[in-house]
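The values are calculated or read from the model by the stated rules, or taken from the named source; none is laboratory data. None of these values were measured; they are calculated from a predicted model. Backbone-built Cβ (ideal geometry, glycine too); neighbour counts: all protein chains shown.
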2 protein chains.
Amino acid sequence: MSPSPARVTAVDTHDIRFPTSRELDGSDAMNPDPDYSAAYLVLRTDAADGPEGHGFTFTIGRGNDVQVAAIDALRDHVLGRSVDEICADPGTLFRDLVGDSQLRWLGPEKGVMHMAIGAVVNAVWDLAAKRAGKPLWRLLADAEPEWLAGQVDFRYLSDALTPADALGLLRRGRQGIEARRARLLERGFPAYTTSAGWLGYDDEKLTRLAGQAVADGFRQIKLKVGADLDDDIRRCRVARAVVGPDIRLAVDANQRWDVDEAIRWTKALAEFDPYWIEEPTSPDDILGHAAIRRAVAPVRVATGEHVQNRIVFKQLLQAGALDIVQIDAARVGGVNENLAILLLAAKFGVPVCPHAGGVGLCELVQHLSMFDYLAVSGTTDDRVIEYVDHLHEHFLTPVVIRDGHYTAPTAPGFSAAMRPESIARYTFPGGAFWAADPDTRKGRAA
Amino acid sequence: MSPSPARVTAVDTHDIRFPTSRELDGSDAMNPDPDYSAAYLVLRTDAADGPEGHGFTFTIGRGNDVQVAAIDALRDHVLGRSVDEICADPGTLFRDLVGDSQLRWLGPEKGVMHMAIGAVVNAVWDLAAKRAGKPLWRLLADAEPEWLAGQVDFRYLSDALTPADALGLLRRGRQGIEARRARLLERGFPAYTTSAGWLGYDDEKLTRLAGQAVADGFRQIKLKVGADLDDDIRRCRVARAVVGPDIRLAVDANQRWDVDEAIRWTKALAEFDPYWIEEPTSPDDILGHAAIRRAVAPVRVATGEHVQNRIVFKQLLQAGALDIVQIDAARVGGVNENLAILLLAAKFGVPVCPHAGGVGLCELVQHLSMFDYLAVSGTTDDRVIEYVDHLHEHFLTPVVIRDGHYTAPTAPGFSAAMRPESIARYTFPGGAFWAADPDTRKGRAA
């Protein structure tokens, strides 16, 4: 008698918060005091000696409990499912989660519920890659185009991207893939750094960190802007003086402006040759981004970290609203939806430069850019992954940056697993850190 | 010594679910088995003999607990606030809630967190109207244009609607308001009914209910479509035969289609002279709605019940994507954001025909349409409020429909308060109904 096939036996969830607001790390025009957090889940199975699947939503503090509740609400869709089946076809699970007719009302496909779906789907991909003994980028790059195209949910996309389009792009992506893989393993994938540019940093710290970034091999840095124009002009001048004319200097307004203000403010910074203006206005404002892009060229327009799903990315591309697509590994519905977005970007010929930072976003999204290079876009020209040097020490297989490049991960999985001792210490509000914190004891949230 | 000013002392929340899926009430192409639910809150104060403020988010079952958790996450913004201050200026509270820099990450301004904000804001308006001794429609219609314009958050709107635009529209709305108020009190506001048209109903039930609707004085009915074209053709034929050529027959696809399919399907129903096609595709697809509208004219395009915020409504209007704006009282950020949407619709000259039904949506949204008639649009031409005859018995001041019209409410407040015995009986999972239900006891969600 053969043993029963392995099943998912538990979906453990954790509310993990780091007290980053105390150092003003991560401060920008809309997010003055983030406490970088993760609504984290672990898929456990009854496979003998089998791995776990890890996934999470990144948040910035308050509300992380709501995000955990949303992941909990998906538990019944995952418990008891065949591990072989969900790992062989995460796309079916994605469709089941997105298609839950009652939960769908809470979105559809946006905000808290959709990020929860992304966390669960990403945990399945982590599990699948571990079981295949490959880092996720390699699992994806080794996969057949037909199977990959089957992982995409084309609902609401077919006026811009059909299954035949996707298959054509993925077949084209097979050409020359071996040479690109060798190059990736040798050189890595280009990164840029935001570590110098937080709004809360003074000019001395900006000068020191911008200089360090160039010395470390980065060819692009990014400054947060949007709180005060005079400050921004001064900070851009300081940064440009430090890095010289050949390093790209991107600026990021974190949704601070209305359309007309975005145009005026960006033009006021044009003398410092900004490479892109990121999130100039609401991530929901497709037509607004298109108007801004027309007005501020040659400054490029970038957005995506808060773009809720593939349907909005589709329109940003249809409307000619973007020069740069900024995917986020944990905002949309996981790997499957990001696969759709990478294919949309390729169809429209727009480069993908992921958002990262936060908690574990660098760890996740590097896999998607490496897959994009190997099997979709075929190039790293004008492609960079954001890098922020926060909180990597809490991960079992943290990113490795070498000479301004992300090194290709070698450990099987999606690099998503956090250290057990970090989970325990930073669990809110009961973990050792928060339990010892006077503000927590007074009942104040993180 | 004068007494301390009254404060908000509690935000009580309730997970209330009705077992509507057992009758296929509310069944449509995307929502086959909804259990109409409310994530409900009560603002309590220490005002002597003072009223409470009631508000809620409508959901369709699973996930109602997530929605309650989201309302709970807003509690600290409301507790301890001056009742006089929040009632005199709910707009400041709206901005505080939307602007919580950590919670904002979970949207921004969309999905679970934004609906929670809407529930809290609406509860404040309920409290304000009760304290003023007026039904909400009257509180709004009596207010000064300057104060009303100050209740709008123009962020991300200024490229389409400025404060000066809003003030101009509201000042224009004062002209002739007395005559309109008399007419409203005499006649009410036109309604249409969806009660006949649920997908789960057979032709006999459709025939009977459509005939009853006309007999009851409704001049428009609506059918759900989108699951099967042959069925839809048959059901439209049956309905049109019953109601004759002079009653408007709207159809509603509940987001079932991609763009091209929406165009084909709508054209296939054109012989039955549909008045509008509602939610032909994703509520996020502004450009898709515009393409559909161009292709299916003279059939009108309507959407809004799932449109997440004012920014998406702005673009639907800018893109010429809509003939009908369907506001929902509990999807966006409450009265303040709906005020912005009513003003946008007026600016673009597009009629507002609210979504209602669910739990208490009719009770709420009638106030907004009556205000729109009195003080913004100035007309009921081509304006109708959806009416569905579900679950009104659970409300203390249910809607009153007379000869196909909503009668203007007279009780102070926003008509939001549910009967205490209904709250107790349908609280999930511990209320008497659910505790006695075998499926609940087996651990299956509603």
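Kindly indicate whether any position in segment B:277-288 is more than 10 Å from chain A (Cβ to nearest Cβ) and either surrounded by fewer than 24 Cβ atoms within 10 Å (Cβ to Cβ) or of a type in the set (Val, Ile, Thr) (or both). Checked segment B:277-288: at least one residue is more than 10 Å from chain A (Cβ to nearest Cβ) and either surrounded by fewer than 24 Cβ atoms within 10 Å (Cβ to Cβ) or of a type in the set (Val, Ile, Thr) (or both). A count restricted to segment A:185-236 and to residues that are in contact with a helix residue (DSSP H, G or I) (Cβ under 6 Å, 6 or more places away or on another chain) and under 18 Å from A:Ser369 (Cα atoms) stands at 2. Condition check: touching a Lys or Arg at 6+ places or on another chain (Cβ under 8 Å), among the aliphatic types (A, V, I, L, M) and within 14 Å of chain B (Cβ to nearest Cβ). Does A:Ala73 satisfy that? In short, yes.
Every test in (1) without any contact (Cβ under 8 Å) to a residue 60 or more places away in the chain; (2) in contact with a strand residue (DSSP E or B) (Cβ under 8 Å, 6 or more places away or on another chain) is passed by B:Pro398 save one, and that test is (2). Just a yes or no: is a residue in segment B:52-71 modelled with pLDDT of 95 or more and over 23 Å from B:Asp15 (Cα atoms)? Checked segment B:52-71: no residue is modelled with pLDDT of 95 or more and over 23 Å from B:Asp15 (Cα atoms). Scanning segment B:164-185 for residues that are under 24 Å from the mean Cα position of the chain (by Cα) and among the charged types (D, E, K, R) yields B:Arg180, B:Arg181, B:Arg183. Of the helices (runs of 4 or more DSSP H) lying entirely inside segment B:141-202, the ones with 1 or more residues being outside the structural domain of B:Val214 (by TED's automatic domain parsing) are found at B:145-150, B:163-174. Kindly evaluate A:Asp35 against the criterion of being within 11 Å of chain B (Cβ to nearest Cβ) and either within 19 Å of B:Ala70 (Cβ to Cβ) or not in a loop (DSSP other than H, G, I, E, B) (or both). Considered against the rule, which asks whether it is within 11 Å of chain B (Cβ to nearest Cβ) and either within 19 Å of B:Ala70 (Cβ to Cβ) or not in a loop (DSSP other than H, G, I, E, B) (or both), A:Asp35 comes out as yes. Any residue in segment B:143-152 that is within 26 Å of A:Ile286 (Cβ to Cβ) and within 14 Å of another protein chain (Cβ to nearest Cβ)? Looking through segment B:143-152, at least one residue is within 26 Å of A:Ile286 (Cβ to Cβ) and within 14 Å of another protein chain (Cβ to nearest Cβ). Among the residues of segment A:87-98, just one is surrounded by 15 or more Cβ atoms within 10 Å (Cβ to Cβ) and over 12 Å from A:Asn336 (Cβ atoms), namely A:Cys87. Quick one: is B:Arg22 modelled with pLDDT under 95, closer than 30 Å to B:Ser195 by Cβ and either under 19 Å from the mean Cα position of the chain (by Cα) or away from chain A (no Cβ under 11 Å) (or both)? In short, yes.
For every residue, the table says whether it meets (1) out of contact with any helix residue (DSSP H, G or I) (no Cβ under 6 Å at 6 or more places or on another chain); (2) modelled with pLDDT of 95 or more; (3) basic (Lys, Arg); (4) assigned by TED's automatic domain parsing to the domain that holds B:Gly211.
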residue: B:Val365; (1), (2), (3), (4): yes, yes, no, yes
residue: B:Ser369; (1), (2), (3), (4): yes, yes, no, yes
residue: B:Asp381; (1), (2), (3), (4): yes, yes, no, yes
residue: B:Val388; (1), (2), (3), (4): yes, no, no, yes
residue: B:His394; (1), (2), (3), (4): no, yes, no, yes
residue: B:Ile401; (1), (2), (3), (4): yes, yes, no, yes
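For segment A:99-114, enumerate the residues that are surrounded by fewer than 23 Cβ atoms within 10 Å (Cβ to Cβ) and either among the acidic types (Asp, Glu) or touching a helix residue (DSSP H, G or I) at 6+ places or on another chain (Cβ under 6 Å) (or both). Selection gives A:Asp100 alone.
Consider A:Asp65 carefully, then state whether it is part of a helix (DSSP H, G or I), more than 30 Å from A:Gly150 (Cα to Cα) and of a type in the set (Asp, Glu). When the stated conditions are applied, A:Asp65 passes them. Take the conditions closer than 23 Å to B:Ser158 by Cβ and at pLDDT 95 or above and apply them to A:Val238. Does it pass? Judged against the criteria, A:Val238 is not a match. Set side by side, the residues B:Gly360, B:Gly334 differ, and just one is more than 14 Å from every other protein chain (Cβ to nearest Cβ), closer than 19 Å to A:Gly111 by Cβ and surrounded by 24 or more Cβ atoms within 10 Å (Cβ to Cβ), which is B:Gly334.
For B:Ala424, the criteria (1) closer than 28 Å to B:Gly197 by Cα; (2) in a helix (DSSP H, G or I) hold in every case but one, which is (1).
Tell me, which residue of segment B:328-350 that is outside any helix (DSSP H, G or I) and in contact with a helix residue (DSSP H, G or I) (Cβ under 7 Å, 6 or more places away or on another chain) is farthest from B:Ile60 (Cα to Cα)? Looking at residues that are outside any helix (DSSP H, G or I) and in contact with a helix residue (DSSP H, G or I) (Cβ under 7 Å, 6 or more places away or on another chain), I get B:Val350.
Only residues that are more than 10 Å from every other protein chain (Cβ to nearest Cβ) and either within 18 Å of B:Met370 (Cα to Cα) or in contact (Cβ under 8 Å) with a residue 24 or more places away in the chain (or both) were counted in segment B:158-168, giving 3.
For segment B:289-309, a residue qualifies if it is buried (at least 24 other Cβ atoms within 10 Å of the Cβ), within 13 Å of another protein chain (Cβ to nearest Cβ) and over 14 Å from the mean Cα position of the chain (by Cα), and the qualifying residues are B:His289, B:Ile292. Within segment B:95-137, if we keep just the residues that are in contact (Cβ under 8 Å) with a residue 60 or more places away in the chain and either charged (D, E, K, R) or outside any helix (DSSP H, G or I) (or both), the residue that is farthest from the other protein chains (Cβ to nearest Cβ) turns out to be B:Gly133.
Taking the listed residues B:Ile16, B:Ile71, the one that is touching a Phe, Trp or Tyr at 6+ places or on another chain (Cβ under 9 Å), of a type outside the set (D, E, K, R) and assigned to a helix (DSSP H, G or I) is B:Ile71, with no other qualifying. Of the residues that make up segment A:169-188, is at least one more than 14 Å from chain B (Cβ to nearest Cβ), closer than 20 Å to A:Gly357 by Cα and modelled with pLDDT of 95 or more? Looking for residues that are more than 14 Å from chain B (Cβ to nearest Cβ), closer than 20 Å to A:Gly357 by Cα and modelled with pLDDT of 95 or more, one finds at least one in segment A:169-188, hence yes.
Scoring A:Thr59 on the criteria (1) without any contact (Cβ under 8 Å) to a residue 24 or more places away in the chain; (2) away from chain B (no Cβ under 14 Å); (3) within 19 Å of the chain's Cα centre (by Cα) leaves a single failure, condition (2). Tell me, please, whether a residue that is surrounded by fewer than 22 Cβ atoms within 10 Å (Cβ to Cβ) and free of Cβ contacts under 8 Å to residues at least 12 places away in the same chain can be found in segment A:145-157. Yes, that holds for at least one residue.
Picking from residues in segment A:13-66 that are of a type in the set (Gly, Ala, Ser), surrounded by fewer than 24 Cβ atoms within 10 Å (Cβ to Cβ) and touching a strand residue (DSSP E or B) at 6+ places or on another chain (Cβ under 8 Å), the one that is farthest from B:Pro108 (Cα to Cα) is A:Ser27.
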